[in-house]
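Structure below; questions to follow.
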Amino acid sequence: MEKEFKISFEAISNYESLDTTEKKLFDAAKKIRENAYAEYSHFHVGCAILLENGEIITGSNQENAAYPSGLCAERTTIFWAAANFPNVKMKKLFVIGAPKEAVSSTPIPPCGACRQSILEYEAKQIEGIEIYFASLDGEIFKTKSIRDLLPFSFDASFL
């Protein structure tokens, strides 16, 4: 029997439709995106995470000529946040990606490896992390949990 998934997400029409906190995260992700080291893909990504204590942590993608040695913006940011604030919950994660010199309006979601890493921290804190993903212009997509983007998720409960 064939079954279907239904995912829930909100499409926010543009930057002006964000609330004050969401605008801060968008602006932080957009600014840190400029620090991306993307010499090979030329695809720059910035990430901002709002912690429960009000701190905003940012990071960008960092590439390497040995491709597997690089790291996406989401994992750069989430790992730094977890290392420096190990017991503080992550409330919101905002990611913005686009080619360095291009204007794109297609929202850029986290890759599979980043989704798995975000899932680990959701499981650890026993609470969803709101995920926002966008490009530099246009619609912004929002989910209440990474599980909306990773429906058949693998976590410690399987071990």
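Residues checked against (1) of a type outside the set (Gly, Ala, Ser); (2) farther than 16 Å from LEU119 by Cβ:
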| position | (1), (2) |
| --- | --- |
| GLY59 | no, yes |
| ARG75 | yes, no |
| ALA82 | no, no |
| MET90 | yes, no |
| LYS100 | yes, yes |
| SER105 | no, yes |
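When you look at LEU150, is it over 21 Å from PHE26 (Cβ atoms) and either among the aliphatic types (A, V, I, L, M) or open to solvent by 60 Å² or more (accessible area, probe 1.4 Å) (or both), yes or no?
In short, yes.
Hey, could you check region 126-147 for residues that are outside any helix (DSSP H, G or I) and open to solvent by 40 Å² or more (accessible area, probe 1.4 Å) and say which is farthest from GLN116 (Cα to Cα)?
The residue in question is ASP137.
Let me ask you something else. Name the single residue that is nearest to PHE43 (Cα to Cα) among those in region 54-71 being open to solvent by less than 40 Å² (accessible area, probe 1.4 Å) and in contact with a helix residue (DSSP H, G or I) (Cβ under 7 Å, 6 or more places away or on another chain).
Across region 54-71, the extreme among qualifying residues is ASN61.
Does at least one position in region 88-107 carry a residue that is open to solvent by less than 30 Å² (accessible area, probe 1.4 Å), farther than 18 Å from GLU34 by Cα, aliphatic (A, V, I, L, M) and assigned to a helix (DSSP H, G or I)?
So far as region 88-107 goes, no, none of its residues is open to solvent by less than 30 Å² (accessible area, probe 1.4 Å), farther than 18 Å from GLU34 by Cα, aliphatic (A, V, I, L, M) and assigned to a helix (DSSP H, G or I).
The values are calculated or read from the model by the stated rules, or taken from the named source; none is laboratory data. From a predicted model like this one, the values you see are computed outputs, not experimental measurements. Cβ sites come from the backbone with ideal geometry, for glycine too, and all protein chains shown count toward neighbours. Keep in mind that these areas ignore ligands, DNA and RNA; they rest on the heavy atoms of the full protein, side chains included. Shrake-Rupley method; radii C 1.70, N 1.55, O 1.52, S 1.80 Å.
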